[in-house]
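The block underneath contains the structure these notes are about, expressed in structure tokens.
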Amino acid sequence: ETDRAIKDPLTGLLNRRGLTERMGLLGPERGALIALDIDKFKLLNDTLGHAAGDAALLHLARILQEQVRGVDSAARVGGEEFLLWLPGTSLEEGVRVAERVRVRIGTGGWDWQGRDWPLSASFGVAAWPETTRSRDNLAAQADAALYAAKRGGRDRVVTWSTGPSGASG
């Protein structure tokens, strides 16, 4: 029962509530949060159907699980949006992990019933204490950086920065 409350039924990853609980645990005095989202997911769903969309989400969930350490947490928090919480990780290391996952998604090759479909994802990275004094702000910052990555042309990693232009890479 409790498992159902904190896990995403499709992918088996944590859901937003489960991730929030993990992030609330006291631990190392630093951490990076990565927000990522499959590019042009609606097009994939509309073209190949919802079963294909689900298969792509499962494919991405598996990549996340194999690319992160045991202490890290991966969550599916929206339709095609995922979050990675990397406790004890600096902003720079968080960017490296995001870049590694981005390359893995792009080069992994994915097809639906024999039809090749190139997958890519956009990433936003925020870290505490580098980009915020409070862990509570990380999700909003990572999200804003993710939207900047989308606006910047997708398939890229952008970090939160507090410059005059808001989030910038």
message = Under 8 Å for C-alpha pairs, at least 6 residues apart: give me the relative contact order for segment 87-165, rounded to a whole percent.
response = 31 percent
request  = For the chain, give the percent of accessible area contributed by carbon and sulfur heavy atoms, probe 1.4 Å, rounded to a whole number.
outcome  = 50 percent
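Given a Förster distance of 35 Å, report the FRET efficiency between Asp3 and Asp116 from their Cβ-Cβ distance, rounded to the nearest 0.05.
Working: r = 35 Å, r/R0 = 1.01.
That pair, Asp3 with Asp116, gives E of 0.50.
What percent do you get for the relative contact order of segment 26-155 when only Cα pairs under 8 Å and 6+ apart count?
Values: 208 pairs, mean separation 45.9, N = 130.
Averaging sequence separation for qualifying contacts and normalising by length gives 35 percent for segment 26-155.
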remark   = Among Val97, Tyr147, Ile63, the residue whose Cα sits farthest towards the positive end of the charge dipole of the chain (+1 at Cβ of Lys and Arg, -1 at Cβ of Asp and Glu, taken about the Cα centre) is Tyr147
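Can you give the helix-only mean residue ellipticity at 222 nm for the chain, where every DSSP H stretch with n ≥ 4 adds -39500 (n - 2.57) and the sum goes over all residues, rounded to the nearest 500 deg cm²/dmol? Let's see the in-between values first.
Values: 6 runs with 71 residues, N = 169.
Computed mean residue ellipticity for the chain: -13000 deg cm²/dmol.
Given that compact globular proteins tend to follow 2.2 N^0.38 Å, what is the ratio of the alpha-carbon Rg of segment 2-70 to that value?
Values: Rg = 14.4 Å, N = 69, 2.2 N^0.38 = 11.0 Å.
This ratio for segment 2-70 stands at 1.31.
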task = Obtain the nm distance between the two label points defined at Ala51 and Gln65 by a simple spin-label model: each point lies 7 Å from its Cα along the Cα-to-C-beta direction.
result = 2.2 nm
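Rounded to the nearest whole Å², what accessible area per residue is found for the chain with the 1.4 Å probe?
Working: 8620 Å² over 169 residues.
Here the per-residue accessible area is 51 Å².
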key: Qualifying GluC sites (Glu not before Pro) for segment 8-95 [loop in DSSP, other Cβ within 10 Å: at most 11]   = Glu29
note = One point scatterer per Cα, no solvent, Debye formula: log10 I(q)/I(0) for segment 47-128 at q = 0.19 Å⁻¹ comes out as -0.85
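The values are calculated or read from the model by the stated rules, or taken from the named source; none is laboratory data. These figures come from a predicted structure and were not determined experimentally. FYI the Cβ positions are ideal-geometry reconstructions off the backbone, even for glycines, and counts take in every protein chain you see. Heavy atoms of the whole protein, side chains included, go into the accessibility calculation; ligands, DNA and RNA do not. Shrake-Rupley method; radii C 1.70, N 1.55, O 1.52, S 1.80 Å.
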